[in-house]
Amino acid sequence: MRASDYVGNTPLLKISEKLFAKMETVNPGGSIKDRIATYIMNHAEKHQLLRKGDTIIEATSGNTGIAYALLGAERGYKVKIIMPKDMTEERRQMMRLFGAEIINVEAGDFDGAIVLRDNLAKKYKWFNPDQFYNPLNVECHEKTTGVEILNQTKAFSKDISAIVLGTGTGGTLMGISKTLKKVFPQLKIIAVEPAESPVMSGGEHGEHGIQGIGDGSKFLVDVNILDEIILISTDEAIKRTQDLVKNMGLLVGFSSGANVLAAERWIEKNKPDGIVITVLSDRVEDI
């Protein structure tokens, strides 16, 4: 068995009476991005788009890079990661430990990272997973994460009233929503984005500290199906994350704090009959 064989089937934790969260920190690479990296790579290998010794190149804020670096080490691929230079050193170090090469772009410049990735992939014929626009990203969460949530909530026979989740690529929110909507047609789909970078809300992209969400574009998000967008500031996300660490023993990142806080505010405002689902997207070592 390989490390990637243990991606997924993560616990569904009870945060409060109405709030439950998928604990994606237990994936081998420490984040939910292990799911899409494994799903896309498995698809590429099945269709002979990748062969041992090939090079994979991807743009990321960190977690997807860690996932591909892990998979590259596991399966014998070279991995090159393009990321803004303001991302955490801890994430860079994890990628380097797995043998990945890191290429920096300017702080907050995800669009530039994507353009550079595309150009290098085309020039050198490297494999480009294209996480920001690849429909397999959505399909992965529709067929894995969403199905797991349905199976786990059957155990206590609760209706699901809403999913509240921050968006990076948007694949997680779109994929899970597709699955849950089939069973719970009244499901509310709530996106979370940084208050400092309210792009989906019609504002301007700005720098913020909630890594993993609010990268500056809508990417895979279909804003037409969103019922609401909740803004959470970096300071609010950090404080709620610290509370989760100290009071619940959950070593999670700032996007998880943003997700939980936004879900709690939605529950307080709407008082749903059913439960609300969110995600603890990754772990962190630098709170």
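Just a few scattered comments:
- Equivalent ellipsoid semi-axes - Cα gyration tensor, the chain, angstrom: 29, 21, 18
- Between ASN151, ASN134, ASN63, the Gaussian network model of the chain with springs among Cα atoms under 10 angstrom shows the greatest mean-square fluctuation at ASN151.
- Long-range tail of P(r) for segment 112-268 (Cα pairs > 23 Å, %): 43 percent
- Helix 110-124 vs. the chain, principal-axis angle (Cα, 0 to 90°, nearest 10): 30 degrees
- Relative contact order, percent, segment 143-287 [alpha-carbon distance under 8 Å, six or more residues apart]: 26 percent
- Entries in LYS143/LYS246; LYS46/LYS122; LYS78/LYS182; LYS158/LYS269; LYS33/LYS182 that, when Cα-Cα distance is taken, lie over 28 Å: LYS143/LYS246; LYS78/LYS182
- Shape of segment 99-159, Cα gyration tensor, a/c cut at 1.5: prolate
- Taking every Cα-Cα distance in segment 152-195 and sorting them into 10 Å bins starting at zero, the pair-distance distribution P(r) comes out as 27, 51, 20, 3 percent.
- The GluC sites (Glu not before Pro) of segment 1-80 that DSSP puts in a loop, and whose beta carbon has at most 11 other beta carbons within 10 Å, are GLU17.
- Helix axis angle, 33-46 relative to the chain longest principal axis, alpha carbon, degrees: 50 degrees
- Values of log10 I(q)/I(0), in the order q = 0.14, 0.16, 0.23 Å⁻¹, for segment 180-287 under a Debye, Cα-only, solvent-free model: -0.57, -0.74, -1.32
- Three semi-axes describe the equivalent ellipsoid of segment 34-124; taken as square roots of 5 times the Cα gyration tensor eigenvalues and ordered largest first, they are 21, 15, 11 Å.
- Computed from the C-beta positions of ASP159 and LYS246 and an R0 of 30 Å, the FRET efficiency is 0.40 to the nearest 0.05.
- For segment 76-179, the equivalent ellipsoid built from the Cα gyration tensor has semi-axes of 33, 15, 14 Å, listed from largest to smallest.
- Computed on segment 34-124, with alpha-carbon pairs under 8 angstrom and 6+ residues apart, the relative contact order is 27 percent.
- Crossing angle, helix 254-270 versus the chain [Cα axis fit, 0-90 degrees, rounded to tens]: 20 degrees
Coordinate-derived values only; no laboratory data. These figures come from a predicted structure and were not determined experimentally. All Cβ positions, glycine included, derive from the backbone under ideal geometry; neighbour counts span all protein chains shown.
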